[in-house]
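The structure under discussion appears below in the form of structure tokens.
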Amino acid sequence: VSYQKALQKSSLDIDKTNFGVEYGRFNSTLSDNRFSINQTIQFPTVYKHQANINRTAILLSETNRLHKEVELKARVKQLFYQILVFKERRVLLHQADSLYKQFLDKTKLRLSTGDVDILEYNTAESQRIQISSQLQLLEVDYQIALGNFKTLLNAKEFYEPSAESLSYHLSSLPDLIGINKNPSFILQQQQILLSEQQYDLEKSKLLPTLNAGFNTMTFMGWQTTGQNSEKYFGSGTRFSSISAGMGLPIFSRGQRSKINASTILINKQKQELQAISQGLTNQLENSFKMYVQYSSLVQTYRESLLPTATSIIKAATNKFNAGEIGYLNWVILINQAMQTKGEYLTIVQELNQSAFEIEQLSNIN
């Protein structure tokens, strides 16, 4: 933005002033000298259109900055809530690890007394190893996410996100025509405006250029001054004149080609604007549908599936300890309950992602 603002005054870009010096016998056998100064300028309309282009270039740079700000805010939110989900997954895996540790300890004891066979022990050990592997992978992902979060914040130390809720809820649902505020849409509109102004600039270059000059010279020797009288003029006497003229675009084929190309570019960018509008509208509608769907799923999990999963874990463990169910049934029930809780975290992450996309597309974040 600062760069484009610094170029604002460049719209009045006047051609270099020409200075000339002549010395020699161009008037008589005596040596004379002549000094000249000449200035060429474009037709004023050219500078006006160039100023319009520079102002639009500033608008484009400001919209580009806004685009980057919107993207950055969305990425910070995504990482923030992704780390929260990672933390909750870690809690869930530690819960599963604790259950399988108790299962493994009891199986070892029963194996030593001959109450169980090696298959039950291997099953318990295998489940514990799987949980441990998942925890190690999760820890790597968690540390990577923390590092990326630190980079996005441009911080010198690590910050660990914390929030009361895992799910991010929109403060208000946007209008589905909200893409008019999307930076990508605005950028394309401004790009069309810039191309139209460049078309006007190229067209104005067919106008004549203006030039003016001033000459001063000596005319040494005897000169007739009127009524057959003569007077001697030396090097101390100077004769001056002014000149004015204009440059006409007689050979304008190249410039007219630029004008025609500008027209094609404007039509192309207008078609791109229509495509961008359709694409953003479709994305916003899809994100809205996903947000509504995942909101309903999250509510279902919270009200029904999660409490049921917690009850299954408690009941299955009590029955297994009482010898009412076998270890295979216990493992199946525990895995199903843990899978339900894991699915809930995945759905929450999808809900958050759809909310971030809606905000980014509507530029309401």
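The values are calculated or read from the model by the stated rules, or taken from the named source; none is laboratory data. Note that the structure is a prediction, hence the values are computed from the model and not measured. Every residue, glycine as well, gets a Cβ built from its backbone with ideal geometry; the counts of neighbours run over all protein chains shown. SASA here: full protein model, heavy atoms, side chains in, ligands and nucleic acids out. Shrake-Rupley method; radii C 1.70, N 1.55, O 1.52, S 1.80 Å.
Can you give the relative contact order of the range 211-365 as a percent, counting alpha carbon pairs under 8 Å and 6+ residues apart?
20 percent.
Would you pull out the residues with amide H under 5 Å of ILE325's amide H, same chain only if 5 or more places away, H placed 1.01 Å from N?
PHE320
So if I take the centroid of the Cα atoms in the range 164-228 and the same for the range 313-340, what is the distance between those two points in Å?
Measuring centre to centre over Cα atoms gives 74 Å.
Helix 253-300: angle to the longest alpha-carbon principal axis of the chain, degrees 0 to 90, nearest 10?
Helix 253-300 and the main axis of the chain meet at about 20 degrees.
Go through the range 257-330 and name the GluC sites (Glu not before Pro) that are in a DSSP coil and have 12 or fewer other Cβ atoms within 10 Å of their Cβ.
GLU324
I need to check one value: relative contact order of the range 167-255, counting alpha carbon pairs closer than 8 Å and at least 6 residues apart, in percent.
This gives 28 percent for the range 167-255.
Keeping all protein chains in place and using 1.4 angstrom, which order do SER295, SER362, SER235, SER304 fall into by accessible surface area, from largest down?
Result, largest first: SER235, SER304, SER295, SER362.
Karplus couplings for the range 57-68 from phi (6.51 cos²θ - 1.76 cosθ + 1.60, θ = phi - 60°), rounded to Hz, Gly and Pro as x?
4, 5, 4, 4, 5, 5, 5, 4, 5, 4, 4, 5
In the chain, with Lys and Arg counted as +1 and Asp and Glu as -1 at Cβ, which of these residues, THR107, GLN197, SER172, has the Cα nearest the positive end of the dipole, that is, farthest along it?
The one lying farthest along the dipole's positive direction is GLN197.
For PHE43, enumerate residues with amide H under 5 Å from its amide H, sequence gap 5+ or separate chain, H modeled in the peptide plane.
The list, which skips near neighbours in sequence, is LEU210.
With the full set of protein chains in place, find how many percent of the accessible area of the chain is carbon and sulfur; take the probe as 1.4 Å.
C and S fraction of accessible area: 54 percent.
What are the residues whose amide H is under 5 Å from the amide H of PHE233, where those residues sit 5 or more places off or on another chain and H is modelled from the backbone?
Amide H neighbours of PHE233, under 5 Å, 5+ apart: GLY221, TRP222, GLN223.
Most fluctuating residue of SER132, SER98, SER241 in a GNM of the chain with Cα springs under 10 Å: which is it?
SER241
If you place +1 on the Cβ of every Lys and Arg, -1 on the Cβ of every Asp and Glu, and leave all else neutral, what size is the dipole of the range 251-365 about its Cα centre, to the nearest 20 Debye?
700 debye
For the chain, what is the accessible area per residue in Å², given a 1.4 Å probe and the full set of protein chains?
Roughly 60 Å² per residue, with all protein chains present.
Can you compute 3J(HN,Hα) from phi for each residue in the range 209-215, using the Karplus curve 6.51 cos²θ - 1.76 cosθ + 1.60 with θ = phi - 60°, rounded to whole Hz and x for Gly and Pro?
With the stated coefficients, the range 209-215 comes to 8, 10, 9, 9, x, 9, 10 Hz.
Which angle between 0 and 90 degrees, to the nearest 10, do you get for helix 183-204 versus the longest principal axis of the chain when only C-alpha atoms count?
10 degrees
Specify the longest stretch of the chain that does not include any exposed loop site, a site being one of the trypsin sites (Lys or Arg not before Pro) with a non-H, G, I, E, B DSSP assignment and at most 16 other Cβ atoms within 10 Å.
Of all site-free stretches, the longest is 157-365.
Across the range 92-105, in residue order, what do the Karplus-derived ³J(HN,Hα) couplings come to in whole Hz, using 6.51 cos²θ - 1.76 cosθ + 1.60 with θ = phi - 60° and x for Gly and Pro?
Working through the residues one at a time gives 5, 5, 5, 5, 5, 4, 5, 5, 6, 5, 4, 4, 5, 4 Hz.
Comparing VAL76, VAL21, VAL348, which has the greatest mean-square fluctuation in the GNM of the chain with Cα pairs linked when under 10 Å apart?
The residue that fluctuates most here is VAL21.
What is the chain's relative contact order, in percent, from Cα pairs under 8 angstrom and six or more apart in sequence?
In percent, rounded to a whole number, it is 23.
For LYS48, which aspartates and glutamates qualify as cross-link partners when the Cα separation must be under 16 Å and same-chain residues fewer than eight apart are set aside?
ASP13, ASP15, GLU196, ASP200, GLU202
Assign unit charges at the C-beta atoms only (+1 for Lys and Arg, -1 for Asp and Glu), then state the dipole size of the range 101-224 relative to its Cα centre in Debye, rounded to the nearest 20.
For this selection, approximately 360 debye.
Quick one: if the Förster radius is 22 Å, what FRET efficiency do GLU157 and LYS101 give, using the C-beta to C-beta distance and rounding to 0.05?
0.05
What chymotrypsin sites (Phe, Trp or Tyr not before Pro) in the range 134-194 are in a loop by DSSP, with at most 14 other Cβ atoms within 10 Å of the Cβ?
Passing both the DSSP loop test and the Cβ count: PHE158, TYR159.
Please work out which option in (1) -0.79; (2) -0.61; (3) -0.44 gives log10 I(q)/I(0) by the Debye sum over Cα atoms at q = 0.09 Å⁻¹ calculated from these coordinates, and answer with its label.
Identified label for the calculated read-out: (1).
Helix-derived [θ] at 222 nm for the chain: sum -39500 (n - 2.57) over DSSP H runs of at least 4, divide by residue count, nearest 500?
Roughly -23500 deg cm²/dmol at 222 nm, from the helical runs in the chain.
Please tell me which of these pairs span more than 24 angstrom C-alpha to C-alpha: LYS181/LYS258; LYS203/LYS268; LYS5/LYS270; LYS87/LYS108?
LYS181/LYS258; LYS5/LYS270; LYS87/LYS108
Among the lysines, select those whose C-alpha is under 20 Å from the C-alpha of LYS106, and discard any that sit fewer than 8 residues away in the same chain.
Correct list for LYS106: LYS314, LYS319.
Using a Gaussian network model on the chain with a 10 Å cutoff between Cα atoms, which of GLN255, GLN191, GLN223 fluctuates the most?
GLN223
Indicate the gyration tensor shape class of the range 211-259 (rounded, prolate or oblate), computed on the Cα atoms with a ≥ b ≥ c the square roots of the eigenvalues: a/c under 1.5 is rounded; otherwise a/b larger than b/c is prolate and the rest oblate.
It comes out prolate by the Cα gyration axes.
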